[in-house]
Amino acid sequence: MGYREVYGAWKADPEAFWMQAAEAIDWVRKPSKALFDENAPFYEWFSDGMVNACWNAVDRHVLAGRGDQVAIMHESPVTLSTKGITYRQLQDRVASLAGALRMRGVEKGDRVIIYMPMIPEAVVAMLACARLGAIHSVVFGGFAAHELAVRIDDCTPKAMIAASCGLEPDRVVHYKPLLDQAIDLAAHKPEFCVIYQREQEVAKLVEGRDFNWHGFQYGVRPAECVPVEGNHPAYILYTSGTTGQPKGVVRHTAGHLVALQWSMKNVFNIEAGDRFWAASDVGWVVGHSYICYGPLLAGATTVVYEGKPVGTPHPGTFWRTIQNNRIKSFFTAPTALRAIRREDPEGKWIKRYKLHDLQALFLAGERADPETVAWAQEHLGVPVIDNWWQTETGWPIAASPLGIEALPIKLGSPSVPMPGYDVRVLDEAGDPVSSGTLGAIAIRLPLPPGTLPTLWNANERFRKSYLDHFPGYYETGDAGYIDEDGYLYVMSRTDDVINVAGHRLSTGAMEEVLASHAAVAECAVIGIADELRGQMPLGLLCLKAGIETPHAQIVSEVVKLVRERIGPVAAFRTACVVKRLPKTRSGKILRATMTKIADGVEFKTPATINDPAILDEIRTSLITLGYPAVAKTG
Ligand code: COA
Ligand code: AMP
C-alpha cells in the first residue's frame, strides 16, 4: 500500500487502523477498543489495556534474542569517549535502578524529575521510572534553577535524579548547585535525590537527602515491570506556552507506545536491528520519542550524543558519528545543519566519511528552510525529510512516510499528514480556507494515540489553550497553508512562542523576568529572524520615570537576569530601551508588528494602534541596534 491507501484506510476506519497498530505492542491485557471518547473532548486511547513501556522497550527484545545487540551507543566528543550498552545490560541497569527507587518508596503514579545531560544514565533513569509505572518529568539541562523549581512545584516529585554536571564545549555546567537551589526555591520538597557523579565533577551531597547513583543501588533486588493501565501517564514534559508558567504535557502510556512503534517503521523506516540517531536532547520531546522510546521500542540501536554539530571538535563530527555507528536514519534540527554549512559550505567534511548506510536525513524542531534542505540533499545524496510536530503531539503530524513510500519532496514543506491527523487550515472564524491560502493550522478531534490527552493538573488550561478557539479542533498554534497536492507548509506561530535554535521558548516568560528588574516599567520580547538560530529574542524596555542608571547597565543586568532565571538556552543577549511600546487601544502590545518591522516584512499599521508614531520610534531603535532587514520597510 502507498501513502494514499494507508491514510485512506485510517480515515475509513480509525478504530480498526489503531487496533491493528496495537498488535505490535506486548500487552499484559489487550485493550477492548482503541478510542475512549466518553469524556470528549478529553479523548483517551487503549485505556482498558494493561501494558508496561519498559517491557516493550527493553525486556521483550532480550527475550526475543536481542540481548547482545547494542541498545544505546554513547558518543561524547566532549569527553572523547564512546561506549555501547547492550539490551541485556540495559535491562540489568534499569531493573537495578528501579529496584532501588522502589526500596525508597517510589511507586506507580509517583512523579520523578530527571535533570541530566546526554549520558546513557538519563535513558536508564527514564526507563527505570517506566518500569515502576512512576511518571518521569525530564527537565532540559540548559534550564536554570528557577525553571526547575517551577516544574518541581507543578508536578511535586517524590524523587529527583540528576547528574553532578553537564559539559558544554567551553565549560562545566554545575547541575548539583542548580538542583539544590531549585529545591530551596520550590515550595514542594522531594523526599530524596539520586546523583550520578561524573568523572569531571564530584558533587557534594546533602546528608540524608542525596544518594550516589551506585551506592543507592548496592545490594537491591532488581524490579520487575509493573503493568499500568493504557491511560496511565508515562511522563510529563513541560513546554513553553505564552506565559511564564510552562505547560505540563501529559503522555498516556499505551497510545505513546502504539504511535511511536508505528512511526518508527512507517515514518523513519526503522526496524529491529537497524541503527537510528536523533541528535537532540532527552530534555525535549524529540529526545523522549526518538532517542529513548521510539528506537528502543523498535529494537533498534539508538545514539546518545553529547556534543554539538560544530566545534566538538569540527564540523565533521555528525558525519563521523554516522559513519562509525553505521546509522541508517538520522534526525536533527535545521539549525544544526545551518551551523555546519556555515563552517563547511562545500561539504568537504561530508566527503571525508563513508556514509553508505545512511538512507535518509529527517529534520524537525523548526521550519526547514529550502536552502538548508537543498544543501543537505546535494551533499548527502539521500532524501531530506522535514517533519512537523510538537511536544503536544509526541510524533510527526506531517512527514513523508519513508517506510511506506518515498513521496516527492517539496522544498519548504513537511509533506503530508500522517494517519490519525486530519489537518485543516482555518480562517479567524474557524472556516476552512481554500488551498494555498494562509490560515491557522488545526487538527480535527480526536487527536491520534500518543498525543496529549490533557495538561498536568490543568484540564481547564488544556481546553482554553487548545480547544476553545476552534470548536471541534485542536489548535496547533502554527500558521500555514496546504497546496493543491495536499502538502502542508508551516510558516510561523500564531502566538508569542518563539523558536531559537530549534528550542521552543516563551516570550512571556522572558518578559516576566525583564519586568522584575527594578528600573523596568513595561517591556516586550520579540523573536527576530536569525540566519543561524532561526530566531533570536530581543527585549524592548520602557523605564520607570526618573531612572538615571545608564541604559547599557540596565541592558546588561536584564541579560544576566534572563540567563540566571531561565537559562543560557534562551540565548537572550540583546535588549534596548525605548520610550513607548506600540499597543492596541485595548492595551495589547503589538509584538507581531514590531517583529515584522525588524524582519523587514511588509505590514499594515493596525487600525487600532494607540499612536502610529511609536512604530517609527521602534524602527529607529532597531536600526540603531543594527538589524539589517529593518531598512526594507518604512
Ligand atoms: N546545558 C547547559 N547549557 C546549554 C545546553 C545544555 N544542555 N545547551 C545549550 N546550552 C547553552 C550554550 O552553552 C549557550 O551558552 P552561552 O550563551 O554561554 O554560549 C546557550 O545555551 C545557547 O545555546 P545554543 O543556542 O544552542 O548555542 P550554541 O552556541 O551552544 O550552539 C548550535 C549553536 C546551532 C550549534 C546549537 O544551537 C544546536 O546544535 N542547535 C540544534 C538544537 C537542537 O538539536 N534542538 C533540538 C530540537 S529537535
Ligand atoms: P516543540 O514543542 O518544542 O517541538 O516545538 C514545536 C513547534 O516548533 C511547532 O509548533 C512549530 O512552531 C515548530 N516546528 C517544529 N517542527 C517544525 C517543522 N518541521 N516546520 C515548521 N515548524 C516546526
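Taken together, Lys308, Lys265 contain a single residue that is of a type outside the set (A, V, I, L, M, F, W, C), away from ligand 1 (no atom under 15 Å from the Cβ) and either over 17 Å from the mean Cα position of the chain (by Cα) or modelled with pLDDT of 95 or more (or both), which is Lys265. Just one of the listed residues (Glu107, Glu44) is within 25 Å of Leu455 (Cβ to Cβ), charged (D, E, K, R) and free of Cβ contacts under 8 Å to residues at least 40 places away in the same chain, and it is Glu107. Elements of the type strands (runs of 3 or more DSSP E) sitting completely within segment 496-577 and holding at least 3 residues that are surrounded by 23 or more Cβ atoms within 10 Å (Cβ to Cβ): these cover 503-506, 520-530, 534-543. Residues in segment 330-366 that are in a helix (DSSP H, G or I), away from ligand 2 (no atom under 15 Å from the Cβ), in contact with a helix residue (DSSP H, G or I) (Cβ under 7 Å, 6 or more places away or on another chain) and among the basic types (Lys, Arg): Arg341 alone.
The residues of segment 606-630 that are surrounded by 13 or more Cβ atoms within 10 Å (Cβ to Cβ), under 17 Å from Val577 (Cα atoms) and in contact (Cβ under 8 Å) with a residue 24 or more places away in the chain, listed by number, are Ile614, Leu615, Glu617, Ile618, Ser621, Leu622, Leu625, Tyr627. Selection over segment 593-605 of residues that are surrounded by fewer than 16 Cβ atoms within 10 Å (Cβ to Cβ) and part of a helix (DSSP H, G or I) gives a count of 0.
Ser586 fulfils the conditions (1) in a helix (DSSP H, G or I); (2) more than 16 Å from ligand 2 (Cβ to nearest atom); (3) more than 30 Å from Gly166 (Cα to Cα); (4) of a type in the set (Gly, Ala, Ser) except for a single criterion, (1). Which residues, taken from segment 163-207, are farther than 20 Å from Asp281 by Cβ, within 16 Å of ligand 1 (Cβ to nearest atom) and part of a loop (DSSP other than H, G, I, E, B)? Of everything in segment 163-207, just one residue is farther than 20 Å from Asp281 by Cβ, within 16 Å of ligand 1 (Cβ to nearest atom) and part of a loop (DSSP other than H, G, I, E, B), namely Ala203. Of the residues in segment 372-405, how many are surrounded by fewer than 23 Cβ atoms within 10 Å (Cβ to Cβ) and away from ligand 1 (no atom under 16 Å from the Cβ)? Total satisfying the criteria: 12. Being more than 23 Å from Lys410 (Cα to Cα), outside any strand (DSSP E or B) and under 24 Å from the mean Cα position of the chain (by Cα): is that true of Ile327 here? In short, yes.
Could you tell me which residue of segment 406-438 is nearest to the chain's Cα centre (by Cα), considering only residues that are on the phi > 0 side of the Ramachandran plot and surrounded by fewer than 23 Cβ atoms within 10 Å (Cβ to Cβ)? So that I can check it myself, show each step before the final result.
Kept after step one, since they are on the phi > 0 side of the Ramachandran plot, are these residues of segment 406-438: 412, 415, 420, 430, 436.
Next, from what is left, pick out any that are surrounded by fewer than 23 Cβ atoms within 10 Å (Cβ to Cβ): 412, 430, 436.
On the way: Gly412: 21, Gly430: 28, Gly436: 29 Å.
So, considering only residues that are on the phi > 0 side of the Ramachandran plot and surrounded by fewer than 23 Cβ atoms within 10 Å (Cβ to Cβ), the one nearest to the chain's Cα centre (by Cα) is Gly412.
Report, by residue number, each residue of segment 459-496 that is away from ligand 1 (no atom under 16 Å from the Cβ) and among the acidic types (Asp, Glu). Don't jump to the end; show me each part of the working.
From segment 459-496, those away from ligand 1 (no atom under 16 Å from the Cβ) are 459-477, 479-489, 491-492, 494-496; that's our starting set.
Those that are away from ligand 1 (no atom under 16 Å from the Cβ) and among the acidic types (Asp, Glu): Glu460, Asp468, Glu475, Asp483, Glu484, Asp485, Asp495, Asp496.
Would you tally the residues in segment 133-158 being among the aliphatic types (A, V, I, L, M) and modelled with pLDDT under 95? Outline the logic, then answer.
As a first pass, look at segment 133-158 and keep what is among the aliphatic types (A, V, I, L, M): 134-135, 138-139, 144-145, 148-150, 152.
With the extra rule that they be modelled with pLDDT under 95, the set shrinks to none.
Of the residues in segment 133-158, 0 are among the aliphatic types (A, V, I, L, M) and modelled with pLDDT under 95.
When we screen Asp495, Asp468 for residues that are under 30 Å from Thr253 (Cβ atoms), in contact (Cβ under 8 Å) with a residue 60 or more places away in the chain and out of contact with any Phe, Trp or Tyr (no Cβ under 7 Å at 6 or more places or on another chain), the only hit is Asp495. Just so you know, in segment 56-94 the residues that are among the β-branched types (Val, Ile, Thr) and in contact with a helix residue (DSSP H, G or I) (Cβ under 9 Å, 6 or more places away or on another chain) include one that is surrounded by the most Cβ atoms within 10 Å (Cβ to Cβ), and it is Val58. On the basis of being under 18 Å from Val303 (Cα atoms) and buried (at least 20 other Cβ atoms within 10 Å of the Cβ), does Glu121 make the cut? Criteria met by Glu121. Annotation: Ala501 fulfils all but one of (1) in contact with a Leu (Cβ under 9 Å, 6 or more places away or on another chain); (2) at positive phi; (3) more than 12 Å from ligand 2 (Cβ to nearest atom); the unmet one is (3).
The values are calculated or read from the model by the stated rules, or taken from the named source; none is laboratory data. Fair warning: this is a prediction, and the values are worked out from it, not measured in the lab. Glycine also receives a Cβ, built like all others from the backbone with ideal geometry; neighbour counts cover every protein chain displayed.
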